[in-house]
Amino acid sequence: MKPMTNDYAHVDEGGNLKIPAELAHEMGFVPGARVKLDRLADRLVLHRSTGQLARVYIEPTTACNLQCRTCMRNARQEPIGRMVPETFRRVLEGVRGLPDPPTIFFGGLGAREKRN
């Protein structure tokens, strides 16, 4: 991820906000893209285009060997699952095929494994 910069946009004669092309591309601001806009008391916040995937969270297993008393998974009754290698391969292929690959996070909540 590139560090944040202090780029400037400008407003043209028609009242349109013009963003530097490189920054617009990085944020997924292409013609026709939907962009979330938050209006705060003293500023506007433009969010990444809703059509551009920023992050992928992969939970390769629901198993966990910790015994955390406060874990919400302790109250759930679901079988332990593990992602099969073929599914993992297909996820990675799909991510590699994107024009601007997202950041991938591995982890999840897990589920306490019951040991006998």
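Only the coordinates and a few stated rules stand behind these numbers; no lab work does. Remember, it's a predicted structure, so these values are computed and weren't measured experimentally. Here the Cβ is made from the backbone with ideal geometry for all residues, glycine too, and neighbour counts use every protein chain on show.
Each 5 Å bin from 0 upward holds the following percent of the Cα-Cα pairs of region 24-68: 5, 17, 17, 14, 11, 9, 7, 10, 8, 2, 0. In the chain, excluding the sites themselves, the longest stretch lacking any of the trypsin sites (Lys or Arg not before Pro) that are in a DSSP loop with at most 13 other Cβ atoms within 10 Å is 77-113. For region 1-88, applying the loop criterion from DSSP together with a ceiling of 11 other beta carbons within 10 Å to the GluC sites (Glu not before Pro) yields GLU13.
Can you tell me the convex hull volume per residue for region 55-112, based on C-alpha atoms, in Å³ to the nearest whole number? Walk me through the numbers on the way to the answer.
Numbers: hull volume 4.8 nm³, N = 58.
Per residue, the Cα convex hull of region 55-112 comes to 83 Å³.
Each 5 Å bin from zero holds the following percent of Cα-Cα pairs in the chain: 2, 8, 13, 15, 12, 10, 10, 11, 8, 5, 3, 1, 0, 0, 0.
The modelled label-to-label distance between LYS18 and ASP42, using points 7 Å beyond Cα along the C-beta direction, is 2.8 nm.
Restricting to the chain, what percent of DSSP beta bridges are antiparallel, rounded to 5?
Working: 7 of 13 bridges.
Roughly 55 percent of the beta bridges in the chain run antiparallel, per DSSP.
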